[in-house]
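Okay, structure first, notes after.
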Amino acid sequence: MEILVTGGAGYIGSHTCLELMENGYDVVVVDDLRNSDLEALRRVEALSGKALAFYNFDVCDQDRLDKVFGAHAINSVIHFAGLKAVGESVGMPLAYYANNLGSTLALAGCMKRHHVRNFIFSSSATVYAQDNRMPLAEGDALGCTNPYGWTKLMCEQILRDLCVAEPVFSVVLLRYFNPIGAHPSGRIGEDPAGIPNNLLPYITQTALGRHARLTVHGNDYDTPDGTGVRDYIHVVDLARGHLKALEYAKRNRGCEAINLGTGRGYSVLEILRAFETVNQVKVPYTIGPRRPGDLAAVYADPQKAGELLGWQAELGIEDMCRDAWNWQRNNPRGYRT
Ligand code: NAD
Ligand code: UD1
């Protein structure tokens, strides 16, 4: 039985491929490498001591997907492939809708034709409406403020409708909070193109000296130290959540949305201090204005993942900061090092 992983060369995909292979699954990756490097998959193979099947094409291409489903005994699909930058999505909404909806529709259609029923979808905490109280639970109000978020919410709706029309399908919509960190080997990690928008890659690049300082986006929020609070989750914990979701999908039918978060929020300054302490490096910073669109605090209620999947995050903020730095220090230019 093989698992099709779309976007398997990317940040979360590569860590999930490794967990899958270490746990005895055979993995087939489709990724057109638009935001990743084949080197990530080579390293996954080296770390696991196993080979995977790799296809380099756009997941929106139904004909090529059909051939992959014909050539492998695929039992389940984990769909990571997608565009993910919130700011970029505002400037190029059509590309985001075409890719994120197009790939999901193409995959779901292929799965239907080939009688493959288990679908794990990468959703995001960004699908929750802004006026919810924390922590966010799966039944809370949904709503988005940017095209990226809408693509995730629309894909969720498409997959929910599919499960109504085709009750044999089993779909798990995993709503990730803030994935950070890297595999403890330091061989695979996050490799953003250009200047990162997200906090952790900006911190690690600043610690390397690539940026003069981090700008903390606002210190006047209604949080204990005034800086933004998020639910950071180690990417290895997140990857393990996908294996639990796969097992759940095989045992059940229908569609479930499930948060993958720790349930614990950390502020920007708490993350900075933890990073400096664990790694014994300095990260210069300055306080700047709030970033438009940011919320004061976002964190998960992770209870449903515990109840349905038997999953909870095990790695703490020190592990996340140590592993992020270990990856960055050993790979200062990412996979191009
Ligand atoms: P990533 O960019 O590192 O990985 C995505 C991979 O998909 C890349 O390897 C890219 O080359 C590939 N890809 C994109 N479109 C494709 C297409 N049409 N055909 C083939 N390959 C394609 O991103 P990531 O951080 O690993 O995120 C994985 C998924 O999780 C995405 O769907 C993202 O929206 C979602 N997500 C990520 C975060 C996060 O903070 N990283 C948070 C919530 C949700
Ligand atoms: C962003 C996205 C969100 C996505 C998530 C994970 C926006 C508005 N939201 O969320 O949709 O799911 O990334 O990919 O872009 N910060 C700084 N300085 C920096 C960078 C960040 O102070 O240079 C602060 C932010 O204000 C925030 C926290 O660090 O309080 C985390 O930021 P970030 O990593 O961008 O994640 P989110 O804002 O949660």
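General observations
- Simple label model, 7 Å out from Cα along Cβ direction - ALA137 to TYR285, nm: 3.2
- 3J(HN,Hα) couplings calculated from phi for region 48-56 with the Karplus curve 6.51 cos²θ - 1.76 cosθ + 1.60 (θ = phi - 60°) are, in sequence order, 8, x, 10, 9, 10, 8, 10, 10, 9 Hz; Gly and Pro show x.
- For PHE169, nonlocal amide neighbours, meaning residues 5 or more places apart or on other chains whose placed amide H falls under 5 Å from its own, are GLY254.
- Whether region 141-182 is rounded, prolate or oblate, judged on the alpha carbon gyration tensor where a/c under 1.5 counts as rounded: oblate
- Computed from backbone phi with θ = phi - 60° and the Karplus coefficients 6.51, -1.76 and 1.60, the 3J(HN,Hα) list for region 79-85 is 9, 8, 4, x, 8, 9, 8 Hz; x is used for glycine and proline.
- Gain on full extension, evaluated as 0.36 nm per residue between GLU45 and MET1 minus their Cα-Cα distance, stands at 14.0 nm.
- DSSP-loop trypsin sites (Lys or Arg not before Pro) across region 259-337, with at most 12 other Cβ within 10 angstrom: LYS282, ARG333
- Between THR277 and ASN56, the modelled labels are 4.5 nm apart [label points 7 Å from Cα along Cα→Cβ].
- Between GLY70, GLY194, GLY306, the GNM of the chain built on Cα springs shorter than 10 angstrom shows GLY194 fluctuating the most.
- The Rg/Rh ratio of region 132-266, with Rg taken over Cα atoms and Rh as the Kirkwood radius over Cα pairs, comes to 1.02.
- Given charges at beta-carbon only (K, R positive; D, E negative), |dipole| of the chain in Debye: 400
- Inter-probe distance in nm under a simple model that places probes 7 Å from Cα toward Cβ, at GLU88 and GLU307: 3.7
- Long-range amide H partners of ILE78 with built H, under 5 Å: LEU4, VAL5, THR6, ILE120
- Residue of ASN23, ASN118, ASN35 that the Gaussian network model of the chain assigns the largest fluctuation, springs spanning Cα pairs under 10 Å: ASN23
- For LYS152, the lysines whose Cα falls under 24 Å of its own Cα, not counting residues fewer than eight places away in the same chain, are LYS84, LYS112, LYS244, LYS250, LYS304.
- Top of ALA297, ALA212, ALA257 by mean-square fluctuation, Gaussian network on the chain, Cα under 10 Å: ALA212
Each value in this text was obtained by applying a stated rule to the coordinates, not by laboratory testing. Treat the numbers as computed from the prediction; the structure is a model and nothing was measured. Positions of Cβ are backbone-derived with ideal geometry, glycine not excepted, and every protein chain shown enters the neighbour counts.
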